[in-house]
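Worksheet for the structure shown next.
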Amino acid sequence: MQLNKMAWRTLARNKRRSLITSFSVAFGILLAVTFTGSGDYSYTSMIDTSAVMGFGHVSVEAAGYNDRPGLARRLTEAGGVRKTALGLPRVAGAYVRIMGQAMFATGAKSVGGVFMAVDPQLEKPLHNFFLRSIVEGRLFDDTNGRGAVVGAGMAVKLNLRLGKKVIVTVTDKNGQLTSELTRVCGIFKTGDDSVDSGMVLLPLGRMRQVLNYGPDDATLVAVYVNDLRQVKRVRTLLAAKLDHKANLEVLPWQETQPDLAGLIAVDRLFNYLLQFLVGLVIAAGILNTMLMSVLERTREFGIMMAVGMTPRQVVGLVLIESFWLGVLGLLLGVILTTPWFIYMSRVGIDLSRHIGQDYSAGGVLVDPVMKLRLYRESALVILLSAFGLTMAAGVYPAIRAGRTMPVESLKET
Amino acid sequence: MQDAPIVQLEKVSKIYQQGQVEVKAVDNFDLTVRAGEFSVLCGPSGSGKTTILNLIGALDAPSSGRVWLEGQNLAELNRGRLSRLRRDRIGFVFQSYNLIPVLTAFENAEFVLSLQNVPAAERRKRVMAVLREVGMADYVDRRPDELSGGQQQRIAIARAVVSEPAIVLADEPTANVDSEAADTILDLMTMLNREKGVTFLFSTHDQRVMDRARRLIRLRDGRLEADENQDR
Ligand SMILES: Nc1ncnc2c1ncn2[C@@H]1O[C@H](COP(=O)(O)OP(=O)(O)O)[C@@H](O)[C@H]1O
Ligand SMILES: [Mg+2]
């Protein structure tokens, strides 16, 4: 049969209508790419930012630490855990850290905050946001020394400068209050006010002594992956490898950062809902156009069926028309979306003027530049959905065409 | 010797409900059409010509009575079988706008053969032969809207006869063309009947067309008024 040829010629006969229809498919693809892409980009950057503030994409912690953090719950053999993590595929880094509450004081004032004790030999700016954000001085280089890197906000509050003394007071693993004298060797500024006024980096070796920890103890090992999509797999692998070690948990970022996970889940839901509605509107438009095109051809269908075409073949003919409309829409969509996507993923739109200075949301820094990032899977889903919706919109018109009664449609007026 | 009957109508009635009123479009009608006939259903507008052709062509079902085509009772066939029967055994020519607008004259003439999955080479041979007979061989690439009404009817006739059906049903095939084109169409059908033995049953209310029929089946209000063989 020549259904394909007939379908093509029908589309060509009404070029403008076919173009408008496939353009609306293309426009849907553009919108979906923009919505999904900006979501994927901002979620990824929020998750990454949050991860480099301490816990990592996956964190190994003492059992119970996540629910009730306290310096009494500690991980033993942290170094071994780190090595195991580093041995896994798709792991980009793993760091032994101690995180906990502390009081920071000078002679005159004191403020409460959070410290993160790190090994200066191991930490890399890539996986440590504070290191990246140092604006004055630098990271201590002796893990047993007395260096401290404080946030710019805290520096203002406590009137600190490089070289000034800060007393750090913590409760050790036995619940005893202990204090330690440190000296400011660096100041960081992340742009997030609460972090800048509440976070201090301290040397790991020194803090182990202060907290009465063993030489391989820590509160967590923060693990970083190359690609967020690998979090689940890395977590499962790591948990399996560490199975024999009781008293620890391997947690994905969703569990160590539940607020962020919730925020993203809600945002993503709305994003998808919006896309679904846009898709529905576009599909309704296509359905309407197809139906119009079918209804004005009842006589043609009547003749085809009178001379022996089966209703099923007529349904097929109209479905082939929507198939080619879908293909056309996909092509146009790719042509239209590619330059936009390339621009938006490389350059983006700077929104900093509209947001103000503190770009945090849910306690996490947000990139003020709107950019797009699209996972291959998302792109595939978008293209397939656009195509699927076009085909779906053609189903009812096709069935209507197949129901044509030749006797009725052939009546001479 | 009499040829086998191709079409048999037995006490056929078709009743339409129009609001409260019942319209008897065809009323207790009997008819036998044999192979090789060149017969005309005639009668004023509304006398039931189209309805009878639709019943014979398996496009419509009677309210009562039976329709047989080559010995097959149409009431016993499902939709799919009826489609196939129309495709393989019946040729249709309608009053106007017979052709599929997106197909060329050649492709329109070829349409039924493609539905039958006849191989392309054979299709081409058979279609070109018929197009020569109807005098349209030079118009193969024209679209229907580039042809006159008479030319369109000739393509429709080509489409109807190329599959060598048992009978060609033509509903007022000359009603929408000028008299010169009507003559051409009639000459064509006569020639195909005489030389190829194609069985024709067509309807008309045009006296000049009636004059050329060999058998005149006169209808009035859905009933048979007269059934005359004319010597010609
Ligand atoms: N679908 C229908 N509904 C109601 N009445 C119809 C329908 N089709 C035909 N008729 C009526 O049946 C009668 C015969 O119509 P038709 O077969 O078209 O006659 P003809 O072709 O001889 O003009 C007319 O009175 C017409 O109004
Ligand atoms: Mg009629």
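With all protein chains kept in place, the per residue accessible area of the stretch A:64-246 amounts to 46 square angstrom at a probe of 1.4 angstrom.
Between A:N247 and A:D119, the contour length at 0.36 nm per residue exceeds the alpha carbon distance by 43.7 nm. Ranking A:Q230, A:T169, A:G70 by Cα position along the charge dipole of the stretch A:64-246, where only Lys, Arg, Asp and Glu carry charges on their C-beta atoms, puts A:Q230 farthest toward the positive end. Remark: the stretch A:64-246 carries a charge dipole of roughly 200 debye about the Cα centre, counting +1 on each Lys and Arg Cβ and -1 on each Asp and Glu Cβ. Using only side-chain charges placed at the Cβ, +1 for Lys and Arg and -1 for Asp and Glu, the dipole size of the stretch A:249-401 relative to its Cα centre rounds to 660 debye. Please name which of A:L328, B:S114, B:S203 has its Cα lying farthest along the dipole of the protein assembly as shown towards the positive end, using unit charges on Cβ (Lys, Arg +1; Asp, Glu -1) and the Cα centre as origin. About the Cα centre, the residue reaching furthest to the positive side is A:L328. Note on the stretch B:1-132: Cα-Cα pairs beyond 21 Å make up 53% of the total pair count. Burial here means at least 50 square angstrom less accessible surface with every protein chain in place than with the chain by itself, probed at 1.4 Å; in the stretch B:110-124 the buried residues are B:F111, B:L115. Backbone phi angles across the stretch A:122-130, fed through the Karplus curve with coefficients 6.51, -1.76 and 1.60 (θ = phi - 60°), yield HN-Hα couplings of 9, 4, 10, x, 4, 10, 9, 4, 5 Hz in residue order; Gly and Pro are listed as x. Contact residues in the stretch A:303-320 (at least 10 Å² less accessible area with all protein chains than alone, 1.4 Å probe): A:I303, A:M304, A:M305, A:A306, A:V307, A:G308, A:M309, A:T310, A:P311, A:Q313. Computed extension gain for B:E164 through B:R220, at 0.36 nm per residue and net of the alpha carbon distance, reaches 17.0 nm.
Using the Cβ atoms and a cut-off under 13 Å, what net charge is assigned to the surroundings of A:D227, where Lys and Arg are +1 and Asp and Glu are -1? Could you put the intermediate results ahead of the total?
Values: positive: A:R90, A:R229, A:K232, A:R233, A:R373, A:R376; negative: A:D40, A:D48, A:E377.
Neighbourhood net charge equals +3.
Across q = 0.06, 0.09, 0.11 Å⁻¹, chain A modelled as identical point scatterers on its alpha-carbon atoms has Debye log10 I(q)/I(0) values of -0.40, -0.68, -0.85, in the order of the q list.
At a threshold of 30 Å², the residues of the stretch B:31-68 that become less accessible to a 1.4 Å probe in the full protein assembly than in their chain on its own are B:L59. Both chains summed, the buried accessible area for B and A stands near 2200 Å², from protein heavy atoms and a 1.4 Å probe.
Here is the tail figure for the stretch A:64-246: Cα pairs spaced more than 23 Å apart come to 42 percent of all pairs. Measuring nothing but protein heavy atoms, the accessible surface of the stretch A:293-338 at 1.4 Å probe radius is 77 percent carbon and sulfur.
Given the rule -39500 (n - 2.57) for each run of at least 4 DSSP H residues, summed and divided by the residues of the protein assembly as shown, what is its mean residue ellipticity at 222 nm, to the nearest 500 deg cm²/dmol? Display every interim value, and only then the final one.
Working: 22 runs with 291 residues, N = 645.
Value at 222 nm, helices only: -14500 deg cm²/dmol.
Think of each Lys and Arg Cβ as +1 and each Asp and Glu Cβ as -1; about the Cα centre, that makes the dipole of the protein assembly as shown roughly 1720 debye.
Taking all Cα pairs closer than 8 Å and separated by 6 or more residues, the relative contact order of chain A comes to 27 percent. A simple spin-label model places the labels of A:V156 and A:V111 0.9 nm from each other, with each point 7 Å out along Cα-to-Cβ.
First select every other residue whose beta carbon is under 13 angstrom from the beta carbon of B:D27; then total the charges, Lys and Arg +1, Asp and Glu -1.
Values: positive: B:K11, B:K14, B:K24, B:R220, B:R223; negative: B:E22, B:D30, B:D221, B:E225.
In short, +1.
Each part reduced to its alpha carbon centroid, the stretch B:87-134 and the stretch B:1-39 end up 28 Å apart.
Each Cα pair under 8 Å and six or more residues apart adds its sequence gap; the mean of these over the residue count of the stretch A:1-114 is a relative contact order of 12 percent. Tell me the carbon and sulfur percent of the accessible area for chain B, rounded to whole percent, probe radius 1.4 Å. Summing carbon and sulfur atoms, their accessible area is 42 percent of the total for chain B.
Nonpolar atom fraction for the stretch A:64-246, defined as the carbon and sulfur part of the 1.4 Å probe accessible area, stands at 49 percent.
The values are calculated or read from the model by the stated rules, or taken from the named source; none is laboratory data. Since this is a predicted model, take the numbers as computed values, not measurements. We place every Cβ from the backbone using ideal geometry, glycine too, and count neighbours over all the protein chains shown. Ligands, DNA and RNA are stripped out before the accessible areas are found, and what is left, the full protein with its side chains, is counted by its heavy atoms. Shrake-Rupley method; radii C 1.70, N 1.55, O 1.52, S 1.80 Å.
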